[in-house]
Amino acid sequence: MSSFVARRPLASLLILIAGALFLWLVFAVWTPGMEAAFGRKRVFLSALFNGITLGALYFLVASGFTLIFGLMRNVNLAHGSLYLLGGYLGFSVGSATGSWVAALLASFVVVALAGILMQVLLFRWMEGQDLRQTLVTIGLSIVLADLLLWGYGGDTFQVETPAWLSGPVQLPFAVALRSNGEAVMMTYPALRLAIFLGAVVVGVLMWLALNRTRVGMLVRAGVDDRDMLSATGVRVQLVFVMVFAFGAGLAGLAGVVGGTFQSLQPGEDTKILLSSLVVVIVGGMGSIPGAAVGALIVGLAEQFGSVYMPTYAVMLTFLIMVAVLAVRPQGLAAVRR
Amino acid sequence: MSRVLKAALASCCFLVAASAAIAQEKLKIGATATLAGALTSGGEDGVRGLQIALKQAGNKIAGREVELIIAPTDASPDSALRAARKLVEQDRVQIIVGPLSGSEGIALRDYSKTVPNVTIINGSSGALEATYVNPSPNFFRFNSDGAMWMAGLGEYVLKDKGYKKIAVIAEDYSFPYTQVMGFALGYCRAGGQIVQRQWVPLGTKDFGSVIANLPDDVDAVFLGLGGGDAVNFLNQYSQTGGKAKFIGGSIMVDQTVLSSRGAAKRLLVGTPSSGGVADAWDSPKWKEWVKLYQESFPADKRFASPSLFATNYYNAFNAMKTALEQVGGDLSDGGGKFRAALAKVELDAPNGKIRLDDNRQAIATTFITEVAELPNGELTNKFVRTVPDVTQTLGLSPEAFKAVGLPSRTNPECKPTS
């Protein structure tokens with residue numbers, strides 16, 4: 001940190017000023033002039049929060065995606081289908097048991113099992129053949145999408161929000177002043193906050209597991225040099241299966257989360273796959289912090305885009321991707337080797 | 001001699017058999033409905049409407065067995081085009097019932113011009129342009145368009161409900177444009193004010209920012225959403241704890257939304273709206289149709305009462321049947337006689353009398369309704385009043401209507417009349 005400041009004094013100063021300005025934007029009560037220029041503060045804040053919570057969802061999906069890619073060099077294009085599968089399963093379990101937590105757990109476990117099957121039955125037999133693996137995952141995603149359409153129909157489903165998470169909470173940010181000088185505080189859906197916190201917890205746990213445990217060490221070693229790791233006597237296949245299971249399970253979990261605060265329907269699979277592809281390309285293939293950064297950027301871009309330039313919102317994410325590919329093709333948070 | 005006789009008899013029998021075979025040849029009828037995407041639940045109910053009408057006809061029209069071929073779409077114009085091409089080129093149908101959604105209708109109007117021997121009878125799509133701009137001689141619409149379904153609603157919410165300033169949230173395609181136009185024409189002329197219009201893409205998942213962007217000082221919010229989008233919006237709106245009053249577009253407060261799962265739809269109780277049907281209308285013909293609908297499918301495979309889509313598809317099928325019977329099921333001339341008969345059909349439909357104007361666009365009844373909760377917890381559209389014989393120009397002279405222009409994100413403007 002301090003070395004960065006010493007190396008790049010001007011850049012540090014700019015970052016500091018931008019950060020301070022941003023905090024002031026969030027906490028200060030906006031003057032009428034500012035509201036005229038940027039729209040109402042509530043809109044800005046809510047786009048900010050929505051962007052962050054949407055980023056949290058993207059992170060849940062993309063972290064599994066990037067982990068699998070990092071370790072196995074397998075671009076799993078069926079990842080979106082795993083998300084949708086998890087969502088539908090969560091819906092079924094949720095409406096059968098009435099418990100949201102049960103739905104989350106069931107989806108995680110079942111989709112993780114599906115991931116194990118995929119790895120053991122399919123990908124183990126075509127290791128190192130990138131193109132063939134990619135084609136197989138595309139085929140798999142088409143088959144899964146059709147099976148899900150067959151089972152659940154084309155209707156829109158929504159996983160029911162648990163009572164303790166529904167409704168709004170008040171946040172300590174003033175969005176406006178009443179005429180008597182009393183500040184109007186911002187209210188925000190409790191569910192979205194919970195999702196954000198959940199994603200942060202998952203992210204921190206993943207980071208700890210990767211950097212502080214033996215298994216994490218194996219995974220990191222596998223990312224760096226698979227052959228050398230297996231030469232040291234580690235059962236690499238077992239590590240692969242575990243990582244695939246975890247990555248797939250996360251996608252299933254994210255499906256329930258996405259099905260709760262948004263909704264589930266055919267076509268969601270490709271949409272979320274596209275988002276996670278953009279996320280990992282922006283963040284850097286195979287990097288967990290990269291997935292976090294990428295998810296945040298894409299989520300914020302989508303939300304701010306939909307508020308401030310609705311017609312071009314769809315384009316904005318791809319512009320960001322193009323910019324990153326042009327300037328830093330390995331991704332923002334990728335480790336340089 | 002006897003051998004000749006036998007041969008003659010045999011060939012005679014053969015001829016009879018052959019002509020019988022022609023008579024027995026199935027009448028193929030194509031249909032398109034939205035069976036994927038945001039409007040899926042509406043498409044499914046449209047198909048139900050068709051199935052009921054087909055069953056009621058005993059699977060036969062003019063003595064010919066009917067084969068119904070359904071092609072799914074996802075509410076996008078290109079999916080409708082693909083479906084129609086498949087029906088015409090692969091299944092060789094001469095009649096298509098469909099499509100369901102606004103922009104699909106415009107696409108099929110253009111397509112119908114390239115296949116003059118195919119007759120397209122609109123399923124439920126309601127964009128103004130489909131029959132108003134460059135109307136096609138083989139595109140028929142037996143339902144009102146989105147603007148006609150809003151006739152009288154603007155005056156009603158302003159005078160009876162006292163909503164003087166409103167904001168609009170609607171999907172970004174032709175049908176909601178048309179709905180907002182129909183609403184705004186009445187509402188703004190009566191002195192109401194639309195302070196904001198937000199257009200969201202069809203299939204929007206995340207309404208968080210749209211909801212935050214709503215102004216505080218409006219009396220109500222006009223919602224021009226449908227199917228999955230409507231349910232999504234209501235869920236997320238209830239998550240933010242908002243308390244605005246709503247005005248519903250025709251498919252916002254339809255059974256496709258009122259029958260959805262979850263508690264968020266309760267936000268709609270008390271919402272005024274208007275459209276082509278009113279769930280709780282007490283006309284005998286309507287009640288008969290509701291009963292038929294409810295008896296045709298088990299309770300978990302249908303809505304509490306037929307949606308706008310089921311009713312429109314049912315009417316479209318019956319109009320087709322009437323005309324086909326008049327020409328004896330004969331489409332051998334490319335359907336010319338059939339279309340001439342179809343243009344003259346006057347339907348005594350469950351939702352009021354329907355006849356066509358010169359553009360083959362329906363002149364029909366609009367119902368002003370209000371969402372109410374039944375004792376058993378189901379939501380229904382309480383009947384408020386009818387606006388009979390609504391024409392496509394909404395009672396304006398053709399010139400005055402033309403001067404308004406076509407519906408778009410910004411048209412018509414809503415200037416307060418001072």
Tally Lys/Arg at +1 and Asp/Glu at -1 over every other residue whose Cβ is under 15 Å from the Cβ of A:Val239; what's the total? +2
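Just the ratio, please: alpha-carbon radius of gyration of the range B:42-161 over 2.2 N^0.38 Å, N its number of residues.
Values: Rg = 16.0 Å, N = 120, 2.2 N^0.38 = 13.6 Å.
Taking N as the residue count of the range B:42-161, the ratio is 1.18.
What value, in deg cm²/dmol to 500, does the helix sum -39500 (n - 2.57) over DSSP H runs of n ≥ 4 give at 222 nm once divided by the residues of the protein assembly as shown? Provide the component values of the computation, followed by the final result.
Working: 28 runs with 401 residues, N = 755.
The helix contribution divided over the protein assembly as shown gives -17000 deg cm²/dmol.
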Give me, ordered by chain and number, the residues 5 or more places off B:Arg385 or on other chains with an amide H under 5 Å from its own placed amide H. B:Ile368
Where does the charge balance sit around B:Val371 when Lys and Arg score +1, Asp and Glu -1, over other residues with C-beta under 14 Å from its C-beta? 0
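Where the only charges are on Cβ atoms (+1 Lys, Arg; -1 Asp, Glu), what is the dipole of the range A:164-317 about its Cα centre, to the nearest 20 debye? Don't skip to the end; give the middle numbers.
Details: 8 positive and 7 negative charges, 62 e Å.
The dipole of the range A:164-317 has a size of about 300 debye.
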Descending packing, highest mean Cβ count within 10 Å first, for B:231-237, B:83-89 is B:231-237, B:83-89
The range A:184-218 and the range A:262-318 have their Cα centres apart by a whole-number Å value of 18
Post the alpha-carbon centroid distance, the range B:238-290 to the range B:59-76, in whole angstrom. 29
Apply the Karplus parameterisation 6.51 cos²θ - 1.76 cosθ + 1.60, with θ equal to phi minus 60°, to every residue of the range A:194-202 and state each ³J(HN,Hα) to the nearest whole Hz, in sequence, with x for glycine and proline. 4, 5, 4, 4, x, 5, 4, 4, 4
For the range B:239-249, what does the Karplus curve 6.51 cos²θ - 1.76 cosθ + 1.60, with θ = phi - 60°, yield as ³J(HN,Hα) per residue in whole Hz, taken in order and with x for Gly and Pro? 5, 7, x, x, 10, 6, 8, 10, 10, x, x
More than 43 angstrom apart: percent of Cα pairs within the protein assembly as shown: 36
Dimensionless Rg over Rh [chain B; C-alpha; Kirkwood]: 1.04
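Placing +1 at every Lys and Arg Cβ and -1 at every Asp and Glu Cβ, with all other atoms neutral, what dipole size does the range B:33-110 have around its Cα centre, in debye to the nearest 20? Don't skip to the answer; put the middle values down first.
Working: 9 positive and 10 negative charges, 56 e Å.
The dipole of the range B:33-110 has a size of about 260 debye.
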Once Rh for the range B:271-391 is found with the Kirkwood sum over Cα pairs, what is the Stokes-Einstein diffusion coefficient at 4 °C and 1.567 mPa s, in µm²/s? 82
Enumerate the amide H contacts of A:Phe173 below 5 Å, restricted to partners 5 or more residues apart or on another chain; note that Pro and chain-start residues carry no placed amide H. A:Met186
Answer with one residue from A:Val282, A:Leu193, A:Ala301: the one whose Cα lies farthest towards the positive end of the charge dipole of chain A, charges on Cβ with Lys, Arg +1 and Asp, Glu -1. A:Val282
For the range A:31-95, taking Cα atoms only, what is the radius of gyration to one decimal and the Dmax to the nearest whole Å? 18.6, 54
Residue-ordered couplings for the range A:76-87, obtained by feeding phi - 60° into the Karplus form 6.51 cos²θ - 1.76 cosθ + 1.60 and rounding to whole Hz (Gly and Pro as x), are 7, 6, 8, 4, x, 5, 5, 4, 5, 4, x, x
Distance histogram for the range A:273-337 (every C-alpha pair counted, 5 angstrom bins, percent rounded to whole numbers): 4, 22, 28, 24, 13, 6, 2, 1, 0
About its Cα centre, what dipole magnitude does the protein assembly as shown give when the only charges are +1 on Lys and Arg Cβ and -1 on Asp and Glu Cβ, stated in debye to the nearest 20? 860
Here, the range A:51-185 modelled as identical Cα point scatterers in vacuum has Debye log10 I(q)/I(0) at q = 0.22 Å⁻¹ of -1.39
So what's the Cα pair-distance distribution over chain A, bin width 20 Å, in %? 28, 55, 16, 1
Under 11 Å, Cβ to Cβ, from B:Leu308 - net charge with Lys/Arg +1 and Asp/Glu -1: -3
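Report the full-extension gain for the segment A:Ala96 to A:Phe22: residue separation times 0.36 nm, less the Cα-Cα distance, to one decimal in nm. Walk me through the intermediate numbers first.
Numbers: separation 74, 0.36 × 74 = 26.64 nm, distance 4.51 nm.
Result: 22.1 nm gained on full extension.
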What does the convex hull of the Cα atoms of the range A:214-317 come to per residue, in Å³, rounded to a whole number? 118
Note to self: C-alpha centroids of the range B:309-336 and the range A:123-183 sit apart, in Å, by 44
What percent do you get for the relative contact order of the range B:123-233 when only Cα pairs under 8 Å and 6+ apart count? 31
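Give me the extension gain from B:Lys55 to B:Asp282: residue separation times 0.36 nm, minus the current Cα-Cα distance, reported in nm with one decimal.
Details: separation 227, 0.36 × 227 = 81.72 nm, distance 2.46 nm.
Working it through step by step, the gained length comes to 79.3 nm.
FYI, it's all coordinate maths here, none of it is from the lab. The structure displayed is predicted, hence computed values, not measured ones. Ideal geometry is used to build each Cβ from the backbone, glycine not excepted, and the neighbour counts take in all protein chains shown.
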